[in-house]
Amino acid sequence: MGKTYVVVAEARGGSLRQVTLEAIQAVSIVKQDGDSTAGVLIGSQITPLASELANYVDGQVYSIDHPDLEMYNPEAYLNVMKTVFEHVTPDVVVLGHTAQGRDLGPTIAAHMGAGQISDVTAIEKNGNDVLYTRPLYAGKAFEQKQFTGGTQVITVRPNNIDPAAGASSPAEIIELEYTPNGSLRSIVKDIVRKTSGKVDLTEAKIVVSGGRGVKSAEGFKPLEELANVLHGAVGASRAACDAGYCDYSMQIGQTGKVVTPEIYIACGISGAIQHLAGMSQSRIIIAINKDPEAPIFKVADYGIVGDLFEVVPLLTQEFRKV
Ligand code: FAD
C-alpha cells in the first residue's frame, strides 16, 4: 500500500502561492510508485483556483469554499482539515513555511499526534530513507533529519525547492461542505496587509534591501526604483526599521522575514549575524557598502565598495537599458 501525501495549498490575491507548487514538488522528490497526492484548498470563492491546483496534483483536490474561510483562522482551518481527514488519511502532510503554514502545520501535527520537521530547505532521497535539511542557529548551521515512523508533517521554506511543473493528468476535484462552528474561541475580523510593493517579499526573485546606511525614509526611494526596474521587492535591516525609515513588514532577519531570492542586493547593511539569518541562503548576494571591512562582504558573491547613493542610481540606469 503506497503512502498518501496531502499538500495544504495557499492562495493570495486570487492566485496560488508559489510555495504551494514548491510543496507539491517536494512530494514529487520523495514519492514512489503507488504513492498518491491530494491537495487541499481552503478559502472563499476559490473554485477557479481549485481547478488550477488540480493541474499540479495527480490524485484529488479537496476544495472547501465558504465566506467564513476567507481569512486564516487556526481553529476553523483545523476543523476543515479534520473533515478532509475523514476522506483521506495522510502519511505525510506538506505545507509552505509561511505565516499560515508555521501555525497550521503544528496545529495539524498536534491533532494527529504526528512528528514535524519545519522550515525544510532541501530534501534528499537515500534508498527508502528521506533526509530533510533545515537551518539551525539562525542559519549558521544545517541539520539533516529523518522521520522514524508515524504520521509526518513538514513545512517547506519558500524559494528553496523548484516549483512543480504540472501533473500528467488533472486531479479530481471534491468539494466538501463547511459548517461554521459557533464555538470558535477567536475569529479574525480583518487582515491589514502591509507590503513593501507589488511583489511579495518572501517570494520575490530579487530583493533590494536597505540598512541604516540609507539614512532616511527618503533614502529608500532609489532602492524602490531599482527594485521596480528589476521587478523585485524592497526589504530592510532591523536598524532601518527601528529608525523609522521603513515599515517592520520589510524587516529581514532573525526576528523578521526569511528570504531566499535569486539575487539579494544589500545596500548600506553591515551584515550582522541576525540580518544574515534572514538572507544568507539567497542564491547571489551583492553588497554595496562604503566600508570595505563591512562583514557583509564575507558572505557576498559580489561587493561594491562605494556610496549607495551613487551606486544604486547607476545600477538602475543601466538595468533600465536591458
Ligand atoms: P549598521 O550595522 O549600522 O550598518 C550600516 C552600514 O551602512 C555600515 O556598514 C556602513 O558602512 C554602511 N553605510 C553607511 N552609509 C553608507 C552609504 N552612504 N553607502 C554605503 N554604505 C553605507 N537585524 C536585522 O537586520 N534583522 C533582524 O531580524 C534582527 N534581529 C535581531 C534580533 C536580536 C535579538 C538582536 C539583538 C539584534 C537583531 N538585529 C536584527 C540587529 C542586528 O544586530 C544589527 O544591529 C542590524 O542588523 C544592523 O543593521 P544595519 O546593518 O542596517 O546597520
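All of the numbers you see were taken from the coordinates with simple rules; none came from a lab. What you are looking at is a predicted structure, and each value in this text was computed from that prediction instead of being measured. Here the Cβ positions follow ideal geometry from the backbone for every residue, glycine too, while neighbour counts run over all protein chains shown.
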Got a sec? Charge dipole of the range 1-134, +1 on Cβ for Lys and Arg, -1 for Asp and Glu; which of 24, 64, 36 is way out at the positive end? 24
Spatially proximal lysines relative to residue 140 (Cα-Cα < 25 Å; intrachain offsets below 8 disregarded): 125, 205, 257, 298
Can you give the longest run of the chain that contains no trypsin sites (Lys or Arg not before Pro) sitting in a DSSP loop with at most 13 other Cβ atoms inside 10 Å? 1-139
Per residue, the convex hull enclosing the Cα atoms of the range 91-176 spans a volume in Å³ of 145 Å³
Separation between the residue 187 and residue 283 pseudo-spin-labels, each 7 Å from Cα along Cα→Cβ, expressed in nm? 4.5 nm
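Which of rounded, prolate, oblate describes the range 69-223, given a ≥ b ≥ c as roots of the alpha-carbon gyration tensor eigenvalues and a/c under 1.5 marking rounded, otherwise prolate only if a/b is larger than b/c? Mind showing how you got there, number by number?
On the way: a/c = 1.91, a/b = 1.27, b/c = 1.50.
The shape class here is oblate.
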With Cα springs under 10 Å, the Gaussian network model of the chain assigns the largest mean-square fluctuation among 233, 167, 204 to 167
Relative contact order (percent) for the range 170-322, with alpha-carbon contacts under 8 angstrom and 6 or more residues of separation? 20 percent
Size of charge dipole - the range 1-118 - debye, nearest 20, with Cβ of Lys, Arg +1 and Asp, Glu -1, no other charges: 200 debye
If you take the square roots of the eigenvalues of the alpha-carbon gyration tensor of the range 32-97 and sort them as a ≥ b ≥ c, do you get rounded (a/c under 1.5), prolate (a/b over b/c) or oblate? oblate
Return the inverse of the average 1/r over all pairs of distinct C-alpha atoms in the chain, which is the Kirkwood hydrodynamic radius, in Å to one decimal. 20.9 Å
As an exercise, find the ratio Rg/Rh for the range 184-320 from alpha-carbon atoms, using the Kirkwood inverse-distance average for Rh. 1.00
Can you tell me the relative contact order of the chain? Whole percent, Cα pairs under 8 Å, sequence separation 6 or more. 15 percent
Normalised contact order of the range 1-85, rounded percent, pairs of Cα under 8 Å and 6 or more residues apart: 28 percent
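Which values, in whole Å and largest first, are the semi-axes of the equivalent ellipsoid of the range 177-260 obtained as the square root of 5 times each eigenvalue of the Cα gyration tensor?
In descending order, the three semi-axes are 32, 16, 11 Å.
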For the residue 140, residue 87 Cβ pair and Förster radius 45 Å, calculated FRET efficiency rounded to 0.05 is 0.60
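Please compute, over every Cα-Cα pair in the range 1-134, the percentage with a separation greater than 22 angstrom. Don't skip to the answer; put the middle values down first.
Numbers: 2809 of 8911 pairs.
Tail of the P(r) past 22 Å holds 32 percent of the pairs.
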Counting Lys and Arg as +1 and Asp and Glu as -1, each charge on the Cβ, what is the dipole of the chain about the Cα centre in debye, to the nearest 20? 820 debye
Can you compute the helix-only [θ] at 222 nm over the chain? Use -39500 (n - 2.57) per DSSP H run of at least 4 residues, normalise by all residues, nearest 500 deg cm²/dmol. -7500 deg cm²/dmol
PRE reach from residue 124 (point 7 Å along Cα→Cβ): which of the range 139-163 fall under 12 Å by backbone N? 142-146
When the chain is fully extended, how far beyond the present Cα-Cα distance does residue 12 get from residue 107, taking 0.36 nm per residue of separation? 32.1 nm
Loop GluC sites (Glu not before Pro), the range 284-322 (other Cβ atoms within 10 Å of the site Cβ: 16 or fewer; DSSP): 293
In the P(r) worked out for the range 220-262, what percent of Cα pairs fall beyond 15 Å? 44 percent
Report for the range 2-70 the percent antiparallel among DSSP-assigned beta bridges with both residues inside it, nearest 5. 15 percent
With a ≥ b ≥ c the root eigenvalues of the C-alpha gyration tensor of the range 132-210, is it rounded (a/c under 1.5), prolate (a/b larger than b/c) or oblate? rounded
Reachable lysines, given that their alpha-carbon falls under 20 Å from the alpha-carbon of residue 215 and they are not under 8 places away in the same chain: 290
Percent antiparallel among DSSP beta bridges confined to the chain, nearest 5, equals 20 percent
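Mind putting a number on the dipole of the range 155-296 about its Cα centre? Charges go on the C-beta only, +1 for Lys and Arg and -1 for Asp and Glu, and I need it in Debye to the nearest 20.
Result for the range 155-296 is approximately 420 debye, rounded to the nearest 20.
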